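Here the structure comes first, spelled out in structure tokens, and everything after it is commentary.
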Amino acid sequence: MTRDQFFATLAPHAIRARLEGSPLFVSVRLAQNLLETGGVIHPWNNLGGIKVGSGKPNEWWDGSSVKKGTWEVINGQRVDTTANFRAYKSVYHFYKDQDLLFQIPRYARVRTSKSPEEQCVALQLCGYATDPAYPGKLMSIIRQYNLIRYDEEAKKTMEDIKKLQQEVEALRKEVSSMSNQIGALLGAHAMDEVPIWARAAVDAAIAAGVVDTPHGGSLDFYRILTVMHRKGLF
């Protein structure tokens, strides 16, 4: 899989997560995915190196895991080790579980970052990675592959959705207004009492089963009934 194919495969899922409220910029997420996986989407779909840790299964992670080799920077030194990493049913499941992780207080700076650059730094400062060069590596990937274009795509989609929601709300208000106007017109023409000159026609119409109630008709309605009665139609 080429780098372009890697990003093209993941971008729709990353954009979807962003539209659903993910705090991660799409560019940062995709850069992190490449850095953490080397450009390979493994069957366990863990694209961000999330370890099992003390976390409990949730709607996005069912508790599955794989044991893999990894490394950490401890006291300024690289230390090779192994760890249990979470395994996911899909890329989307991973993204949603990762977003749950970013909701804990520890990642407040990640959530409030105003730019990809700021967020890359926040990820390292909040302890997502121990590598001090982590922010620079992410930004290098973002620039090299112009991943900002996916942020722009997500932003435009959000703006289009917001505009559509505004249009729908405007239509709802218009429909509500029209319904009120129709109701007012109907109410204005409806009569609570049968005119004296139409009572015989109404009684005859009820007896013939033409109408089932004497009330609620308009003036024109009673005129029509009267004419029909006079012509002997019921």
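Points worth noting:
- Remark: pairs (first residue in the range 214-234, at positive phi and at pLDDT below 80; second residue part of a loop (DSSP other than H, G, I, E, B) and surrounded by fewer than 15 Cβ atoms within 10 Å (Cβ to Cβ); Cβ separation under 7 Å; 6+ apart in sequence or on different chains) = GLY216/ALA190.
- Exactly one residue out of VAL52, VAL73, VAL28, VAL66 is within 26 Å of the chain's Cα centre (by Cα) and surrounded by 14 or more Cβ atoms within 10 Å (Cβ to Cβ): that is VAL28.
- Residue match in the range 3-16 (condition: among the acidic types (Asp, Glu) and either crowded, with 21+ Cβ neighbours inside 10 Å or assigned to a helix (DSSP H, G or I) (or both)): yes
- Subset of the range 31-44 (residues that are surrounded by fewer than 21 Cβ atoms within 10 Å (Cβ to Cβ) and either aliphatic (A, V, I, L, M) or in contact with a His (Cβ under 8 Å, 6 or more places away or on another chain) (or both)): LEU35, VAL40, ILE41
- Selection within the range 20-46 - under 19 Å from LEU123 (Cβ atoms) and outside any helix (DSSP H, G or I): GLY21, SER22, PRO23, LEU24, PHE25, GLY38, ASN46
- Some residue of the range 119-131 being loosely packed, with under 14 Cβ neighbours inside 10 Å, under 26 Å from LEU24 (Cβ atoms), not polar (S, T, N, Q) and not assigned by TED's automatic domain parsing to the domain that holds SER22: no
The values are calculated or read from the model by the stated rules, or taken from the named source; none is laboratory data. Predicted model only: the values in this text are computed from it and were never measured. Don't worry about glycine lacking a Cβ; one is built from the backbone with ideal geometry, like all the others, and counts go over all protein chains shown.
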